[in-house]
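Peer 1: I'd like to ask you about the structure that follows.
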Amino acid sequence: MSTETIIEAKNVCKWYGAFQVLNDINLEVHKGERIVVCGPSGSGKSTLIRCFNRLEAHQKGEIRVNGITLHNKMRDVGDVRKNVGMVFQHFNLFPHMTVLMNCMIGPMWIKGVSKEEARKTALQYLERVRIPEQANKFPIQLSGGQQQRVAIARSLCMNPAVMLFDEPTSALDPEMVSEVLETMTSLASDGMTMVCVTHEMAFARAVADRIIFMDAGQIVEEGEPNAFFTNPQNDRARQFLNQIL
Ligand code: ADP
Ligand code: MG
């Protein structure tokens, strides 16, 4: 594994009003590393990864992503976001655009790529997630699993340095979970740097280099999957695993 650091969080804290949602988070994600973040609902998982592409702002500590320090006075969050792909629970595709256009728009508008080039890249990644035949449909005409694969393809079209996933299979019907996990697994085996918030523990075991367990805004346990699953040290982590496994 490379030692190049893609994400570095140092003593990161964040509050919503008086409520502290992130409490002294320290995390490094290296190039090619696959991290799974898990923990109970409300523990701050979404907030943490949303801070990594500046969808949320932290108030204390330091976050560097792909060499850029995130802070309040930064001129252009676009510089960060174009290098950070994000896949959400509810797909968040543009409903009024075709699948193909969903994939073309980012590279054209944000990276200034030509229409022909954007189309070529989009088709290549739709092929990659195995739905090239859906290119001219609108999101609503696709199943949830297909929509989520479009969302992944759309992110890949930006050629991101890291992909963030926020419970990408939680809103899917059970029979569609595996097609999305397979796509993610295949990305992982291609060497993509990934931070995945997920409760899919079989995926975590198979793919993660490291598991981060959060509770009440803190990372309370961190380790390689085998140690985490067979011998968690933290009480809350043990309890969590007992509930979901
Ligand atoms: P998780 O993803 O682990 O379920 P979140 O990061 O979504 O947790 O939320 C952590 C805590 O912060 C929760 O208690 C949630 O209610 C609170 N929270 C999340 N977003 C906001 C917001 N925009 N304003 C106020 N509180 C929020
Ligand atoms: Mg969440």
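Peer 1: If we only count helices (runs of 4 or more DSSP H) wholly inside the range 5-119, which ones have 1 or more residues that are aromatic (Phe, Trp, Tyr) and more than 24 Å from Val220 (Cβ to Cβ)?
Peer 2: Working: elements: 45-52, 78-81, 99-111.
The helices (runs of 4 or more DSSP H) meeting that bar are 99-111.
Peer 1: Being within 14 Å of ligand 1 (Cβ to nearest atom), within 18 Å of Ala204 (Cβ to Cβ) and open to solvent by less than 10 Å² (accessible area, probe 1.4 Å) is the filter here; which residues of the range 10-43 pass it?
Peer 2: Val36, Val37, Cys38, Gly39, Ser43
Peer 1: Sort out which residues of the range 132-180 are open to solvent by 30 Å² or more (accessible area, probe 1.4 Å), hydrophobic (A, V, I, L, M, F, W, C) and either more than 16 Å from ligand 1 (Cβ to nearest atom) or not in a loop (DSSP other than H, G, I, E, B) (or both), and write them in order of number.
Peer 2: Phe138, Ile140, Met176
Peer 1: Take the range 120-131 and flag every residue that is touching a residue at least 12 places away in the same chain (Cβ under 8 Å) and part of a helix (DSSP H, G or I).
Peer 2: Matches in the range 120-131: Thr121, Ala122, Leu123, Tyr125, Leu126, Arg128.
Peer 1: Further question on the same structure: With Glu182, Glu167, Glu200, Glu127 as the choices, which residue is closer than 18 Å to Cys103 by Cα, acidic (Asp, Glu) and modelled with pLDDT of 95 or more?
Peer 2: After applying the criteria, what remains is Glu127.
Peer 1: Looking at (1) in contact with a helix residue (DSSP H, G or I) (Cβ under 7 Å, 6 or more places away or on another chain); (2) away from ligand 2 (no atom under 14 Å from the Cβ), which one does Val21 not meet, given that it meets all the others?
Peer 2: Exception for Val21: condition (2).
Peer 1: Same structure again: Does the range 75-82 contain at least one residue that is modelled with pLDDT of 95 or more and hydrophobic (A, V, I, L, M, F, W, C)?
Peer 2: The first filter runs over the range 75-82 and keeps only residues modelled with pLDDT of 95 or more, leaving none.
No, the range 75-82 contains no residue that is modelled with pLDDT of 95 or more and hydrophobic (A, V, I, L, M, F, W, C).
The values are calculated or read from the model by the stated rules, or taken from the named source; none is laboratory data. All of these numbers come straight from a predicted model, not from anything done at the bench. FYI the Cβ positions are ideal-geometry reconstructions off the backbone, even for glycines, and counts take in every protein chain you see. The accessibility values were calculated without ligands, DNA or RNA, using every heavy atom of the protein model including side chains. Shrake-Rupley method; radii C 1.70, N 1.55, O 1.52, S 1.80 Å.
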